[in-house]
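Read-outs throughout are calculated quantities, based only on the coordinates presented, and are distinct from any laboratory measurement. All values derive from a computational prediction rather than experimental measurement. Here the Cβ positions follow ideal geometry from the backbone for every residue, glycine too, while neighbour counts run over all protein chains shown.
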Amino acid sequence: MSDPQKTLVLIKPDAVRRGLIGEILRRYEAKGLCIEALELRTVEGDFADRHYAEHVGKGWYPELRSFITSGPLVALVLSGERAVEAVRAVNGATDGVAATPGSIRGDLCASKQHNVVHASDSPESATREVALWFPGV
Ligand code: CDP
Ligand code: MG
C-alpha cells in the first residue's frame with residue numbers, strides 16, 4: 001500500500017489568540033487524520049512571501065502578510081486517505097461568512113481574511129508547503 005497523503009495546515013494567529021488550538025485539532029483528529037508534525041511558530045514577512053507565493057502582488061496581500069506574521073501560529077502536517085481534500089472539506093470555504101456551518105471556518109469565524117486555518121489546496125501544493133515548513137518530514 002502506498003503511504004498516506006500528507007498536507008500542510010496552519011492554525012492562524014487569530015485562532016491562536018482566541019484560544020482555539022484545541023478545538024481545531026480536535027476536529028482533525030475526529031476526522032481520522034494523523035498528526036505527523038506540529039510546531040508553534042512566528043514567521044517573518046519573507047517566509048510568508050514564500051508560503052503565499054501565488055498571492056504576492058494581489059491587492060489584499062500586504063494585509064494578509066501582516067496578519068500571518070502578527071503572532072504565533074501552529075504549523076502542522078496531517079496525513080490520511082486523500083488528506084488534502086479531507087482537510088479542505090473540514091476547513092470549509094475561504095470566506096467564514098459563507099462557509100458551511102459544521103466546518104471549522106463556518107463555525108469559528110466570520111471573516112474572509114481572519115479565517116482561522118490554512119490548508120494546502122492540491123497534492124502539488126502540499127508537497128511544496130510541507131517541504132517549506134518541515135524539511136525532512
Ligand atoms: O486559504 P484558502 O486557500 O481557502 O484561500 P486563498 O484564496 O488561497 O487565500 C489565501 C488566504 O488569503 C485566505 O485564507 C485569507 O486569509 C486571505 N484572503 C484575503 O485576505 N482576502 C481575499 N480576498 C482572499 C483571501
Ligand atoms: Mg489557498
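Counting residues in the chain as N, plug N into 2.2 N^0.38 Å and put the Cα Rg over that result.
Here the Cα radius of gyration is 0.98 times the empirical estimate.
Take the Cα atoms of the stretch 64-137, find their three principal axes, and give me the spread along each one in whole Å, biggest first.
36, 31, 16
How large is ³J(HN,Hα), in whole Hz, for each residue of the stretch 121-137 in order, when computed from phi with the Karplus curve 6.51 cos²θ - 1.76 cosθ + 1.60 and θ = phi - 60°, using x for Gly and Pro?
Working through the residues one at a time gives 9, 7, x, 5, 4, 4, 4, 5, 6, 4, 5, 5, 8, 9, x, x, 8 Hz.
So, in nm, how far is label residue 29 from label residue 54 when the simple model puts each one 7 Å beyond its Cα toward the Cβ?
3.0 nm
If I take the Cα coordinates of the stretch 52-105 and project them onto the principal axes, what are the three extents in Å, biggest first?
34, 26, 22
Using the basic label-point model (7 angstrom from Cα toward the beta carbon), what is the residue 85 to residue 107 distance in nanometres?
Inter-label distance under the simple model: 2.3 nm.
Please provide three numbers in whole Å: the alpha-carbon extents of the stretch 3-43 along the principal axes, with the largest listed first.
Reported extents, whole Å, longest axis first: 34, 23, 11.
Label residue 21 and residue 98 with points 7 Å out from Cα along Cα→Cβ: what is the distance between them in nm?
3.2 nm
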